[in-house]
1. Considering only residues of the stretch 66-107 that are at pLDDT below 95 and part of a loop (DSSP other than H, G, I, E, B), which is surrounded by the most Cβ atoms within 10 Å (Cβ to Cβ)?
2. Based on this model, can you work out whether Ser43 counts as over 28 Å from Val297 (Cβ atoms) and small (Gly, Ala, Ser)?
3. Contact list please: Cβ distance under 7 Å, first residue in the stretch 9-29 and in contact (Cβ under 8 Å) with a residue 12 or more places away in the chain, second residue polar (S, T, N, Q) and outside any loop (DSSP other than H, G, I, E, B), pairs at least six apart or on different chains.
4. Taking Val114 as meeting all but one of (1) under 27 Å from Gln7 (Cα atoms); (2) without any contact (Cβ under 8 Å) to a residue 40 or more places away in the chain; (3) not in a helix (DSSP H, G or I), write down the number of the exception.
5. Within the stretch 136-161, which residues are within 18 Å of Leu80 (Cα to Cα), part of a helix (DSSP H, G or I) and not β-branched (Val, Ile, Thr)?
6. Provide a single number: the residues in the stretch 217-260 that are at pLDDT 95 or above, under 27 Å from Cys29 (Cβ atoms), touching a helix residue (DSSP H, G or I) at 6+ places or on another chain (Cβ under 9 Å) and not in a helix (DSSP H, G or I).
7. Return the residues of the stretch 33-54 that are in a helix (DSSP H, G or I), open to solvent by 50 Å² or more (accessible area, probe 1.4 Å) and either touching a residue at least 40 places away in the same chain (Cβ under 8 Å) or within 22 Å of Gly281 (Cα to Cα) (or both); say none if nothing qualifies.
Amino acid sequence: MVTERYQAVWDRVRAGERILIDGATGTECERHGVPQVVNIWNSGAALSHPQIVQTIHEEYIDCGAQIIITNTFSSSRHCLRSAGIEDKFEDLTNAAVRLATEARDNSGKPDVLVAGGITHWVWTETTPSLQELETNTRDQAMLMAKGGCDLIMLEMLSHIDRLLACIDGAHASGLPVWAGVSVKPKEGQMCLLGGEPLEDALAAVKDKNLPLISIMHTEVDYIDECLEILKTHWNGAIGVYAHVCQFDRAETKAIFDDMISPADYASASKRWMDQGVQVIGGCCGVRKEHICELSKVI
């Protein structure tokens, strides 16, 4: 099930064009004063502060973003269970998708893609089984497809077995699936956050019908080395949306005083695009000013 909007953007990617995606939604909700829900970070904003979420989407579109990602990080069924609000699964997912599609409709830019963001990440030590993870991903992806998303954007994938379960579940929606891995150095090589080498993850997904892999929620300083690995081990399209803020791990709150400037982020992004990155945006800490500056580079 490929929408005309998606096909038009994908044709541009295949033709060598660069596509701008949005910046952070979760940390922007936090910046705007939205209170967190324990164990689901800022995903509750779709119901508690919908206007803020929709405004964030609209601001990114105004800056030139051609893809916006729903505010559904940590709103999977297993995350909500750890917060004691599993019964809100459908309401939160549907609300987040609706806010993104309405932001597109209000923008007067009907060609903007809405990507349904899904992750296996959990904020507690209780992780779902691989079968449950695949089922939960499938259920959320199908809700997103029904609500009007154009693709599924898997995010912060940090373990190969969970990555594969999410991919299999997301494909059940019939929508195109893009995957975003989060990376850091370990013992001299770039690895997923769970510790497995990035090249092993790329080998594991080579036959999984993924048109694009992104390096996302990864430090700016690590991106260049990750791209060198992708150029050797990956034949598909490449995206990047790095994060630029630190976190108070005890309170899971963003620290906004350690940010790269919009101009410097745009400069780094230009370097990444020169290395073949075609889909570019930002993750935690990247706000509308960064995306507006980045749009000039693209």
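1. Looking at the filtered set, the residue picked out is Ser75.
2. In short, yes.
3. Pairs found: Leu20/Ser295.
4. (2)
5. Hits for the stretch 136-161 are Asn136, Arg138, Asp139, Gln140, Ala141, Met142, Leu143, Met144.
6. Qualifying residue count for the region: 3.
7. Residues satisfying the conditions are Leu47, Pro50.
The values are calculated or read from the model by the stated rules, or taken from the named source; none is laboratory data. Just so we're clear, the structure is a prediction, and the values are computed from it rather than from any experiment. In this analysis, Cβ positions are derived from the backbone assuming ideal geometry, glycine residues included, and neighbour counts consider all displayed protein chains. Side chains are part of the model used for accessible areas, which takes the heavy atoms of the whole protein and leaves out ligands, DNA and RNA. Shrake-Rupley method; radii C 1.70, N 1.55, O 1.52, S 1.80 Å.
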